[in-house]
Every structure is written in C-alpha cells, then in structure tokens.
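Notes for the one structure printed next.
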Amino acid sequence: MLLPPVDAWRAWFDELAAQRRATELIAGESIFWTSAERLDLARLVFPGASIAPTIASIPQPLPDSREAGFADVLRGWLESSGPATEAELRARFAVDPALVAAALLRLETEGSVLRGLFRGADEEWCNRRVLARIHRLTLGALRREIEPVSTADYLRFVYRWQHVAPTARLHGVDGTLHVIRQLEGVEAPAAAWEAAILPARVAGYRREFLDALCHSGDVMWGRLSPHPALQPVTGDAAPRGIRPTKLAPIGLFTRDAAASLIAEPSLLRDALSETAREAYAEIAARGAPFFTDIVRATKRLPAEVEEALWQLVAAGLVTADGFDALRSLTDRRRRLGEKGQRARPRSSSGRWTLLAASAGSIDADSFARRLLGRWGVLFRDVIARETLAPPWRELLSALRRMEARGEIRGGRFIAGYVGEQFALPDALDALRAARRSADDGDVVELGAYDPLATAGKLMPGTMVRPLRQAL
C-alpha cells in the first residue's frame, strides 16, 4: 500500500528502510512510503518518480494501465481508512481529477466501495466493509446512549401516542382519519368501534365523522382476517358454518391500505347459507348493488337478505360504502324492524361490494411500519394481540433493516422486557417527555376490546381502568 509519511510512524519506517523492505517515493513535491512489493505499482502510478533509499523491488503482477494501477492503490487506502471525498483523495495523492474519478468509478463498479453522504452534505466514498463496521459501531453507540424508562412511563407515553389520554385526543373528521390510519390492521367487534375505540381517541366523536370518511372513499371497513370456516378442511372434519355475531372482528382502514391488509379467503360453499350464496353471487355479478337490488334479484325476504349480508360480513367477503350498513346489521332492533327503528329505509346504507383481497401474504416490511406508527416503541410483548401481524422473526428482520438504513432506532427503551426493541425517532422524544412529566393521577378508561388493553396488561393496575362495553 502506498502511504504518505506520518511522523508518528517514522521509527517503524526507518527500521523497514534499513532492512531494504520499504522506501520513500518522491513524485514532484509529494513524498510517499511504499514497500518493496508495491514499488513497481507505485512507479506505474507515478511515472518518473525517484526513490530514496534505493531498494530492489519484489516483482508482482501489475495492472495493464495507470488507471487500473491507481484504482489498486485507492483500494488499499480505502480498506484502512474511513470515508473520503474525491477532493480529499486528489489532494492526498496529488494526481489529476480525471484519474481519481475513473479509479473510484472502477472500484464502485466492482462493488468494493460505496458512495454516499456519510458525514455531511458532500459526497464521499468508503470501503464497503469499513462502512459496515462504522455503521455497527455507530448503532452500538446510539443504543448505549438511551436510558431505559419504566413500564409506567411507557404506558403514559403510549396513551398519549394513541391519543387516549385526555390532553392528547383529536378532533373532528381529520382526527378520526388520523386515528383510523394509526389503527389500520386492528380488528375489533363492529359495535366496539363507535361505542368505545373511536370516542376514546376523538373528543366529542359523532357518527357523522366516520360516515363522511366512508362516503368520500377515504375509509373502508370489513373483516381482515380469514374466517376459520372459509379455510380448507383437513381429514374427515365437517365444514363449519358461519354464524353472524356482533363479536365478528371488523377493521377500519384507508382505501390505499386495503390491498395490503385483506387476506385471500377460500370460498367454501358449504360454509354459507343458500341465501348468502345467492347474495354473494348477485354482488359479484352486479359489482355494487343496493340492498333493494339484492332483494329483487334473489327474490328473498328483506329480513333473509339482511341475515345473509351479515353472514357475508362476518365471513370477510363483502363490505359497503357506508358504515351505517354495518350499524343496521349489528343493531338487532333496527335489523329486524322493531317499531320505531325503521326511520331510514334499508337502501340508505349504500351499495354493497366484494371485499377485494390481496394475492399474497401480508408484507412484513409494510406491517412493521404500521406497527411502529401504532405503538411508537415496538417489542415482542406489546403486539401479543396483533392478530394480523406476521411472525415476530419476520418483523425482526424488517426492523433491523430499517435500523441499518437509519430510519428507526434500536436499543433498550423499556426496562423489564427481554428481546430487541425499536422506536421511531419522534417516539423517543415523546417517551422522554412522558418520563419527565409523570402524572399518575390520570386514569384512562378503555373498552375491553380496545387495542390498548394489551398495553394495560403489561403493568396491571397502572393508569388503565378496563371499561367493558355492552355489545
């Protein structure tokens, strides 16, 4: 390797020079140290340079051009140094810019060096392995900088992060949309959404907020996880039917996220009633029929069609463009026509459509981002009730890649839990703020089906009072 003189190493160089194993190469006003094995290469890169003391070179295979020779010199230099700009390399080796640019491009093409903004705004070049080592050391230092907080501090943080703390609640239609984005991938009983989950996060929540989002096309609803009765049956087991129930898991999600959240079911005819199969076929054929269209086409009683639609909703096969359709199905009095409950006609609930599913499994990278947005600080214990989440080992690989790219932080943020933990940068600031402002007097009331009920179980009795809603 060609090295510029360094005073701190002079004694070692003098010893090698005395043994005729190294010498100084003088190229104009620049002086370099080189070994006997690299002497011929140095002369190829710096033609006309002189050496002192004179030593015999040890023959080695040489590159076929000066450009290739200088690339070899740069390769050795970058293997033992950190990031450097092109201007720094030109000044260090006193060569013309074209030679440096061509050599760096050659090294980048072969994959031994990478370019990027490693220390500031100027483009730099660094050996791939050196950069990986720097990155590992940097991540290690960043992880050691963080002081873990207690579980109580974490609960204070997550209640604010998910806007259930009284001072952190959102407002209006925009606030409702933010909450739905944050809870994408969460399933809860249909009635629980408007009875407990949304009111806990949106101050003064009204049904009109969700209706406006559904009718504008921003938000959809439906079952996300495949119903067990729609999965292939093994052995001699008889197919199970689908019973409409208010506890059927329903998710709220934005239209853009639908394709990445909905699982692909296997439609087993024996799992559905005859009326449900007819209603499903009519929706599939017509695309988006109204309730009255389905009644007319199937020649069934309205009550039968309602029961069939509720069965299809529970199976995760259909949805409607308005949330009021789901309200009418979950309200038994309204659904069966009890006196005073039919103020609105059945057709007012909007059109019915098939719930389009994705072709493959849920992507771990996108779901890891979704979980980070929901929890702020993510670790294995806190996502125990995330029914749609991929296995933790897959999420862990995605989270490590995100940490390596500098998008999130890894470390030990919450004391008392084993395994790796990851956090969004904004979440770390909010976590520290929660530790500084400990207000244990605030009690957060949550429904039994609220996704934050899992967080409350991390430390029983801390700031959370389960509030069981009648469904």
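The values are calculated or read from the model by the stated rules, or taken from the named source; none is laboratory data. Because the structure is predicted, anything quoted here is derived from the model rather than measured. Note that we place each Cβ from the backbone using ideal geometry, even for glycine, and neighbour counts take in every protein chain shown.
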- Message: Residues to consider are ALA121, ALA91, ALA101; find the one that is modelled with pLDDT under 90, part of a helix (DSSP H, G or I), surrounded by fewer than 16 Cβ atoms within 10 Å (Cβ to Cβ) and aliphatic (A, V, I, L, M).
- Response: ALA91
- Query: Where residues in the stretch 393-435 are surrounded by fewer than 21 Cβ atoms within 10 Å (Cβ to Cβ) and of a type in the set (Lys, Arg), which of them is farthest from PHE118 (Cα to Cα)?
  - Reply: ARG435
- Query: Does GLU67 satisfy the condition of being under 52 Å from the mean Cα position of the chain (by Cα) and under 17 Å from CYS126 (Cα atoms)?
  - Reply: no
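With the structure loaded, tell me whether ALA434 is in contact with a Lys or Arg (Cβ under 7 Å, 6 or more places away or on another chain), under 24 Å from ALA196 (Cβ atoms) and of a type in the set (A, V, I, L, M) or whether it fails that test.
Yes: the conditions hold for ALA434.
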- Item | Conditions (1) surrounded by 16 or more Cβ atoms within 10 Å (Cβ to Cβ); (2) within 15 Å of ALA94 (Cα to Cα): number failed by GLY28 | (1)
- Message: Pairs needed: first member in the stretch 29-49, more than 18 Å from ALA71 (Cβ to Cβ); second member anywhere, outside any helix (DSSP H, G or I) and charged (D, E, K, R); C-beta distance under 9 Å; at least 6 residues apart or different chains.
- Response: ILE31/GLU24; TRP33/GLU24; SER35/ARG21; ALA36/ARG20; ALA36/ARG21
- Message: Considering only residues that are touching a residue at least 40 places away in the same chain (Cβ under 8 Å) and within 20 Å of GLY69 (Cα to Cα), which ones fall in the stretch 106-133?
- Response: TRP125, CYS126, ASN127
- Note on the structure: Wholly inside the stretch 134-243, helices (runs of 4 or more DSSP H) that include 3 or more residues that are at pLDDT 90 or above and closer than 30 Å to GLY419 by Cα are 151-161, 172-182
